[in-house]
Every structure is written in structure tokens, then in C-alpha cells.
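Following: one structure in C-alpha cells, then a few remarks.
What follows draws every value from the coordinates through simple rules; no lab data is involved. Not measured: the values here are computed from a predicted model. Cβ coordinates were reconstructed from backbone atoms using ideal geometry, including for glycine residues, and neighbour counts include every protein chain displayed.
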């Protein structure tokens, strides 16, 4: 199954939830915002979203900026 | 009476807004913010690096600061709106500095897309402050569309060149009813002071503080300069002339011909 995560192609073997993806990537949940197929998903809903083939995920966080 | 700036339904005490980019470290940034005590600081949103364990910048910004997320990286109104919605979802609030740039050399804003972004985001309940080129008709449209302020550039971002747009910014100050906040290009406290003397409501400074040898001291210097400039504006600057106008009396000189007057 192929996913686009932050613009990069990645493949996963079995279906997984957004929550599992964030955990697998060692990301701190409090720090990030996640968009699934251009729809923002609240942190509480991560376990409810199972990723499918060709899904697009954006994971962003705050950085310094003027 | 306290001189507060009404902005986006709030009352802002410190007219120096500070950007958080380019600091050598988050602790250095934190020291600068503690030294200048801004009411408003800007941050940006970026894709995370997989596996990155970097610190959370928000932990280094004093809780008393209002966060304003910029939409840097956006090339059109829709991308700016998307970034604004992500910022809101992150819990950073609904204050957005709209920054739509297509030109990578000078980082000059695209006023037309910026206006579109203002229209979209105001309807969604955001408090929007558009970074823009100081164009009067565009600034009027931004105000009509519900922008909380306009943020004309003084000079290209990070150029430290000062208020090169002075004449145009002056026109905005005279003609626009919402606050005018000069953003970008201010390189020294005297530049910030100049803006405030002109009657700007506030200024936003990032690079000049962040890359100073001692950012905390520079932040404090900018704060003092902004206060001095604001005080001078409120006091009413006298008109300038081309000839001398003596400040000492022109009578009673200690010389012979003084009596013949």
C-alpha cells in the first residue's frame, strides 16, 4: 500500500491508523497537526482513521518564523 | 492614561511585535522575548522531519505572548488559508499574519492573492493581518475585507535596510483607518523609532534581533526605541525648516551694538 507522507512516497505492508503511523514515526503527538487527504484530523480522532492506498498525509509543526 | 493599541478585539500594550525565526537557539530566542516582553510573537508551520526529536518551540515562548502564525511558504490564497486552518487546529489560536509570496529573490508579497486570503479567512473568523506592499488602494480593500491591520514592508524581508517605503507607508497611515504595522526590513532600533515617530501603530521585527550578537539586548533596544518613537509621535513632532530658528533670545547680547537695536 502506497502513501504520500509530507510529499514523499512511502509504502506500508498492512493497514494502519493515523495514531499508529505517528507512533511508528516517533513523533510527539502534542507537537504536530495532521492532515489526511487535505482534511485536518483532530488528535482524538487519529485512532479512528485507517489509512488506505494512495492516501496523502501532511504532518506539520511550529517552527520559528517572522 | 495607558496608551494601548486596539487590535483584533484586544488591547496591545507593547507595540513591538517579534518574529521567532533565525535565532541561533530556542533558549536565545526565549531570552530575547523575556527581555522585550512582546504581546504578540509570530511563528511558522512546516512539515516535520521524520523521526526528528527537536524541542517544541512553543515551550520557549512565554505564555503571556499571543501567537500569530504566518502563512510563509504559501504561494496563493488557498495555500495561505490551508496553513491558517492547520494553525487553528493545532491550538495556536486564530491570529494569522498572511504572507503570500511568489518571488523568491525579494520575497515581495503578492497583494492580490493576499487580499483573497484576507477575504477567505475573515469569513472563517480569523483575525488577519496581511503582510503587503504599501499600496493605498490595496490597503483600503484589505481594510474593507475586514483585516485587523495592514502590515506594509519597510524593505525586503531580512534585508535590514530600514523604512525604504517611507513615503508610501506615510500615505497609508494618513488614509487607512485600521492600524498600520511596518513589517520586514527594519535593521536597527532607529528604523523602528522612525516608524513610530511617523505614526505607525506598531512594528514587527525579527532578523535584526535574531541575528544580533546579543539578541536579548537588541530586543530590549528595539523595545525602548519603539516606546521613544511612540512617545514622540504622541507629543507631536514640530515641523522642520530649512533656515535656523534661534533657541536662545536674540536680545541682550554682551556687545556694544546690542544697545543700538
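Points to keep in mind about this one:
- Once the Cα atoms are used to define both axes, helix B:77-89 deviates from the longest principal axis of chain B by about 80 degrees.
- Hull shadow area, averaged, the range B:179-223 [alpha-carbon convex hull, nm²]: 2.7
- For q = 0.14 Å⁻¹, Debye-computed log10 I/I(0) when each Cα of the range B:114-161 counts as one equal scatterer: -0.34
- Within chain B, helix-based [θ] at 222 nm, where runs of 4 or more DSSP H residues each add -39,500 (n - 2.57), nearest 500: -10500 deg cm²/dmol
- Taking all Cα-Cα distances within chain B, those exceeding 26 Å account for 42%.
- Between helix B:189-198 and chain B: long-axis angle, C-alpha atoms, 0 to 90°, nearest 10: 80
- Size-normalised alpha-carbon gyration radius of the protein assembly as shown, reference 2.2 N^0.38 Å: 1.21
- Volume of the Cα convex hull of the range B:142-261, divided per residue and given in Å³: 164
- Based on Cα contacts under 8 Å between residues 6+ apart, the range B:5-238 shows a relative contact order of 20 percent.
- Most fluctuating residue given options B:108, B:186, B:250, as computed from a GNM of chain B linking Cα atoms under 10 Å: B:250
- Ordered by the count of other Cβ atoms within 10 Å of each Cβ, fewest first, A:39, B:75, B:15, B:47 give A:39, B:75, B:47, B:15.
- Within 10 Å of the Cβ of each residue in A:34-45, the mean number of Cβ atoms contributed by other protein chains is 2.
- Max mean-square fluctuation residue, GNM over chain B, Cα-Cα springs under 10 Å, options B:201, B:232, B:89: B:89
- Measuring spread by the Cα atoms of the range B:92-200 yields a radius of gyration and Dmax of 13.2, 38 Å.
- Quotient of the Cα radius of gyration of the range A:2-61 and 2.2 N^0.38 Å, N being its number of residues: 0.99.
- Among B:113, B:243, B:194, residue whose mean-square fluctuation peaks in a GNM of chain B (springs only between Cα atoms under 10 Å): B:243
- Per-residue Cβ neighbour counts within 10 Å put B:105, B:11, B:164 in the sequence B:105, B:11, B:164, beginning with the fewest.
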